[in-house]
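Taking it in order: structure first as structure tokens, then the write-up.
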Amino acid sequence: MEHRLALVVRDRAELDTALAEYLEGATHPAGPTQHAGDLDTAAQWRRIASGDMAQQLMQQATAQRDLEQVAQLWVQQMPVDWAALREGTARRLPLPTYPFARERYWVPQHEAIEADATPPDDADAEAFIAGFLRRMLGLSPAQWSAQAPLQRYGVDSLIGMRLLDALNERYGLDLGGRDLLTARTARSLAERVQAALVERGALSTQVQVAESAAISPNPVRVPLSEGQKGLWAHHSLLPESDVYNLPMAIRLDRSPDASSLERAWQHVCRRFPQLHSRVELHDGEPALQSLPLVAPLVEAIDAQGWSEAQVQQRLRELSKTPIALSQGPLIAVHWLRGVSGGDVLLAVIHHLVFDGTSMPPLLDTFVDAYAAYAQGATPASKPDVGFDAFVAAERAYLQGARAQRDRAYWQDQWREPLPVLELPTDRPRLRDGRVQGQTRYGAVASDRSDRVRAFCAAHGVSAAALFLGVYELLLYRYSGQSELMVGVPTQGRRDERFGESVGYFMNLVALRSRRQPQWPLRQWIDEAQLRLVDALDHAAYPFAKLVRELRVAREPGRTPVFQAAFEFQNATVLQQGRLTQRLQQVLGGEFTPWVNQEGEYEIVLEVVEVAEGYGLRLKYDARLFDAGTIDGFVAHYAELLDEVVVSPERLVRDCRLLGEAERE
């Protein structure tokens with residue numbers, strides 16, 4: 001058949017609604033999802049998922065009785081094993097053989113196809129929310145209360161978006177960040193779920209299966225995502241740059257077994273083959289091509305007799321060594337042996353195949369493999385869903401209505417002219433686009449951290465929103481501008497399938513704000529939170545694709561859209577405490593702060609949530625700013641943070657920056 005339409009319905013009423021919406025040409029149907037395709041769309045789809053990948057996806061959908069997925073594949077001309085599907089409640093039904101047939105073909109009401117899950121009520125939603133958050137946050141039943149503020153458990157914007165994604169997928173809803181803000185408790189959020197289901201007129205569960213992707217275990221070639229394409233294009237302009245190097249250094253209190261160390265990293269690369277790959281062009285499109293593993297993967301460096309300063313200098317040099325995308329591999333592992341203070345492991349991975357939330361699955365895989373090899377055993381083989389599944393899911397999303405809504409949101413946010421940050425600098429800006437990255441480390445004092453937590457609890461805002469709002473205020477004071485754009489990285493793992501995967505899943509969003517000198521500081525922070533959750537609601541649309549499509553104007557030597565960035569690193573998401581404990585148990589290791597990714601933008605504030613409070617990393621362009629200037633910026637940030645949490649009713653225009661010592 002040249003044209004195909006598939007609908008998954010539970011009863012006659014849903015079928016009636018769905019067919020009526022299709023005949024009326026509804027672009028956003030309220031009823032069941034319309035799966036439609038023809039020979040042209042099928043040909044385009046096969047270019048994404050062809051051959052064994054498509055067959056494997058159909059077999060998986062059939063085995064799991066994933067009717068939505070079967071419908072989506074069938075309209076793309078994929079053959080279906082109907083006999084297998086008819087085992088159970090799913091049935092193949094006759095339809096008219098020509099458009100004007102007079103016979104009726106309704107599904108009898110007593111034979112309605114039942115949903116797989118029980119009808120949700122507010123208690124079911126409440127239990128789902130409790131189970132999800134307790135698993136993520138590691139809470140026992142005794143520690144959990146559905147009537148307690150979610151913020152008390154550390155549910156910030158990042159964890160909240162994961163919860164909303166899970167709820168939307170389970171119940172077929174479109175809840176956003178503001179729903180979470182107004183709900184505040186698990187019980188209130190469950191009631192909001194119930195109300196949304198009533199509004200939609202669907203009291204039985206219709207699980208929305210994410211537009212899925214072909215899964216190919218350990219594929220030889222994987223196309224790039226939209227974000228990867230943008231990163232690859234930028235790297236191609238400055239191939240000798242180290243800006244996309246993501247280093248990770250671990251200090252050991254004992255010498256590791258050399259053989260187990262080598263085999264463990266090879267095991268990591270077998271599970272996540274994109275790490276050991278290179279970028280090749282195929283039909284003009286960049287793709288990751290896996291490379292054969294060749295020992296040794298780990299470079300052993302004799303550092304016996306080196307001073308601590310020499311060790312740190314060598315680590316910095318290694319972390320800044322450019323990685324050639326066209327040659328690969330995209331990971332480099334170094335082992336500094338014989339250091340008096342303890343050996344050091346350094347892994348440097350190109351951002352093209354790695355992001356911050358990839359750290360837990362990578363380290364878990366490495367540590368588990370090392371422990372197994374060191375005991376003479378073979379590590380467990382844990383299949384990865386594959387980054388090609390993410391790429392295919394992204395392409396499916398971009399063809400849907402949700403992507404168009406997200407794009408429209410950003411098109412409005414990015415209306416011209418976009419403000420360009422003009423901070424006062426110690427030296428003139430050059431126009432070559434290069435950044436000499438440096439990092440200034442700091443911490444929020446424990447008493448100040450206590451005040452931050454108290455403020456967030458009292459005003460119902462997340463720590464991320466507070467630190468972001470204060471950062472924006474300081475940029476306004478330094479620049480004197482009336483409008484700002486600040487970039488914020490988001491996790492990009494909207495689908496739980498990718499929770500244990502390694503790759504470049506993150507996406508950037510650009511938050512636009514306008515100075516409001518007459519507002520109380522409390523109102524400014526409230527608005528910062530709303531801007532943040534609204535941006536996260538629309539964060540799936542690839543930033544790099546937006547820049548291309550909207551033809552964003554660029555100044556020579558400046559990054560497009562924004563020049564300052566902010567990142568809040570959630571302790572729960574990064575699992576740093578658990579990972580540190582695991583490293584200590586197996587290798588006697590702990591993370592060191594000696595190396596970081598640097599040079600992405602002119603100025604970047606990273607706030608890291610730790611057990612004792614909050615750590616600060618201010619990354620900056622040393623070609624523009626002296627270290628003393630950055631020290632002053634950090635001091636002023638601390639003063640402004642204090643002012644916000646202590647005097648939230650003070651007007652923005654009345655806040656001061658000078659500390660007691662400077663005022664004297």
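The values are calculated or read from the model by the stated rules, or taken from the named source; none is laboratory data. This is a predicted model, so every value here is computed, not measured. Cβ placement follows ideal geometry from the backbone for every residue including glycine, while neighbour counts extend to all protein chains displayed. For accessibility, only protein heavy atoms count, side chains too; no ligands or nucleic acids. Shrake-Rupley method; radii C 1.70, N 1.55, O 1.52, S 1.80 Å.
So, in the stretch 141-163, of the ones that are surrounded by fewer than 15 Cβ atoms within 10 Å (Cβ to Cβ) and modelled with pLDDT under 80, which residue ends up nearest to the chain's Cα centre (by Cα)? Applying the filter and picking the extreme gives Arg152.
A quick yes/no check of all residues on (1) at pLDDT below 95; (2) aromatic (Phe, Trp, Tyr); (3) over 15 Å from Phe566 (Cβ atoms):
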position	(1), (2), (3)
Phe591	yes, yes, yes
Asn596	yes, no, yes
Arg623	yes, no, yes
Ala627	no, no, yes
Ala638	yes, no, yes
Asp654	yes, no, yes
Leu658	yes, no, yes
Arg663	yes, no, yes
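With respect to being open to solvent by 40 Å² or more (accessible area, probe 1.4 Å), of a type outside the set (Phe, Trp, Tyr), in a helix (DSSP H, G or I) and at pLDDT 95 or above, Arg402 falls outside the description.
Reported count of residues in the stretch 475-501, each being assigned to a helix (DSSP H, G or I), open to solvent by 30 Å² or more (accessible area, probe 1.4 Å) and closer than 27 Å to Ala638 by Cα, is 2. Per the conditions (1) more than 30 Å from Leu163 (Cα to Cα); (2) touching a residue at least 40 places away in the same chain (Cβ under 8 Å), the sole criterion not satisfied by Arg551 is (2). Cβ-Cβ distances below 8 Å connect the following pairs, each with a first residue in the stretch 275-302 that is modelled with pLDDT under 90, a second residue that is open to solvent by 60 Å² or more (accessible area, probe 1.4 Å), and a separation of six or more residues or different chains: His282/Arg221; Leu293/Arg270. Of the residues Leu536, Leu530, Leu583, which single one is in a helix (DSSP H, G or I), surrounded by fewer than 17 Cβ atoms within 10 Å (Cβ to Cβ) and touching a residue at least 24 places away in the same chain (Cβ under 8 Å)? Selected residue: Leu530, the only one of Leu536, Leu530, Leu583 that is in a helix (DSSP H, G or I), surrounded by fewer than 17 Cβ atoms within 10 Å (Cβ to Cβ) and touching a residue at least 24 places away in the same chain (Cβ under 8 Å). The residue pairs whose first member lies in the stretch 603-631 and is on the phi > 0 side of the Ramachandran plot, whose second member is of a type in the set (A, V, I, L, M) and open to solvent by 10 Å² or more (accessible area, probe 1.4 Å), and whose beta carbons are closer than 7 Å, counting only pairs six or more residues apart or on different chains, are Gly613/Ala443; Gly613/Val444. Of the residues making up the stretch 587-615, those that are touching a helix residue (DSSP H, G or I) at 6+ places or on another chain (Cβ under 7 Å), farther than 23 Å from Leu318 by Cβ and not small (Gly, Ala, Ser) are Leu605, Val607, Glu609, Val610, Glu612, Tyr614. Put simply, of Phe566, Phe562 the only residue that is among the aromatic types (Phe, Trp, Tyr), in contact with a strand residue (DSSP E or B) (Cβ under 6 Å, 6 or more places away or on another chain) and not in a loop (DSSP other than H, G, I, E, B) is Phe566.
The numbered conditions (1) open to solvent by 40 Å² or more (accessible area, probe 1.4 Å); (2) in a strand (DSSP E or B); (3) of a type outside the set (A, V, I, L, M, F, W, C); (4) more than 28 Å from Ala183 (Cβ to Cβ) are all true for Glu606 except (1).
Scanning the stretch 548-580 for residues that are touching a helix residue (DSSP H, G or I) at 6+ places or on another chain (Cβ under 9 Å) and at positive phi yields Val561, Gln575. Just a yes or no: is a residue in the stretch 650-657 crowded, with 20+ Cβ neighbours inside 10 Å and touching a helix residue (DSSP H, G or I) at 6+ places or on another chain (Cβ under 7 Å)? No - not one qualifying residue is present in the stretch 650-657.
Criterion first (modelled with pLDDT of 90 or more and touching a Ser or Thr at 6+ places or on another chain (Cβ under 9 Å)) does Ser319 satisfy it? No: the conditions fail for Ser319.
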